[in-house]
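Read through the structure below, which is laid out as structure tokens, and then see the notes.
The values are calculated or read from the model by the stated rules, or taken from the named source; none is laboratory data. All values derive from a computational prediction rather than experimental measurement. Here the Cβ positions follow ideal geometry from the backbone for every residue, glycine too, while neighbour counts run over all protein chains shown.
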Amino acid sequence: MNQIEKQRAMHDSLYKAGSRAHILSDDKLVNYVTKWRMHEAFRRLDGAAGDRITVDTPILFMCAGEGGEASMLCDLGFRDVTVSDISARGVEAAISRDSRLKGLVLNALAADVRDGEYGIVVVQDGLHHLPSPVQGFTEMMRMASVAVVFLEPHDSLVGKLIGTRWEQNGEATNFVFRWTRKLVNDITCSYLCTENFRNLSFSFWHHNIVFRKLGARIGGGGIGIGVISALKVFLDLLFGRFGNQFCGLVVLDRK
């Protein structure tokens, strides 16, 4: 069984019982921590390309699993969001949980999707599970007409020190590929054969589990959110370029 098939089997098993607890949680602190990255990425995207994006812009969310992050985009007002994953059970869990979502079973390295079919193509924590993360990124650019957005580990000293080098999930093993703004720029130039794009990629500090635990210890709810929010502003303003997390954000010049 190759890496793609092992990932498919692992995720089929993971989503066998439907969506996971944190996806269904009503806890304000949990929701804040899990949604912050996607909300921040789309806030910056709206500031850079808002004139080309409407609530009806079609969005493809690759490597979506049970689609919790895709539902966040529906909550922001987008009305045409499609989740895709190599796992049919993940896609089934997503569309069963949230009727606003459409679903497709797709291989992120070779998707049966036309060039530029979607306005925005998104991945959260999925590229590093692929045997070729760079190919996954270029496949995102092929399918997008406005922008690509991905959230992945940052290739920083801190990221390497506190992060994981290899991930083991059942029989599926993957190398944790890390990104930098320069790497995104070089790959995009090579793939598009032009510099007519905007690379708005950024690094930042974030860790769902650590921030949830810290917020809970200081009271949870609004108090926990306030403290975590202030901490993140401080860390990202002063030390963001050393952060453990990375957002690849490329605005394309296609019409």
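Things to note:
- No other residue among ILE86, ILE120 is of a type in the set (Val, Ile, Thr) and either farther than 25 Å from ASN2 by Cβ or over 18 Å from the mean Cα position of the chain (by Cα) (or both) apart from ILE120.
- If you go through segment 160-198 and keep only what is over 19 Å from LEU249 (Cα atoms), touching a residue at least 60 places away in the same chain (Cβ under 8 Å), touching a strand residue (DSSP E or B) at 6+ places or on another chain (Cβ under 9 Å) and not hydroxyl-bearing (Ser, Thr, Tyr), you end up with GLY163, ASN174.
- Elements of type helices (runs of 4 or more DSSP H) in segment 84-175, at least 3 residues being surrounded by 20 or more Cβ atoms within 10 Å (Cβ to Cβ) and touching a Leu at 6+ places or on another chain (Cβ under 9 Å): 88-97, 133-143
- Of all positions in segment 241-252, none carries a residue that is part of a helix (DSSP H, G or I) and either crowded, with 19+ Cβ neighbours inside 10 Å or among the hydroxyl-bearing types (Ser, Thr, Tyr) (or both).
- Residue among GLY65, GLY77, GLY103, GLY90 that alone is touching a strand residue (DSSP E or B) at 6+ places or on another chain (Cβ under 9 Å) and modelled with pLDDT of 95 or more: GLY103
- Within segment 31-52, the set of residues being surrounded by fewer than 19 Cβ atoms within 10 Å (Cβ to Cβ) and either touching a helix residue (DSSP H, G or I) at 6+ places or on another chain (Cβ under 6 Å) or modelled with pLDDT under 80 (or both) comprises just one member, LYS35.
- For segment 67-89, the condition holds for at least one residue, the condition being that it is farther than 25 Å from GLY119 by Cβ, of a type outside the set (S, T, N, Q), touching a Ser or Thr at 6+ places or on another chain (Cβ under 9 Å) and in contact (Cβ under 8 Å) with a residue 60 or more places away in the chain.
- Residue ID - farthest from the chain's Cα centre (by Cα), chosen from residues in segment 176-210 that are more than 17 Å from HIS128 (Cα to Cα) and part of a strand (DSSP E or B): ARG198
- Positions within segment 53-81 being crowded, with 21+ Cβ neighbours inside 10 Å, assigned to a helix (DSSP H, G or I) and among the charged types (D, E, K, R), in sequence order: GLU69
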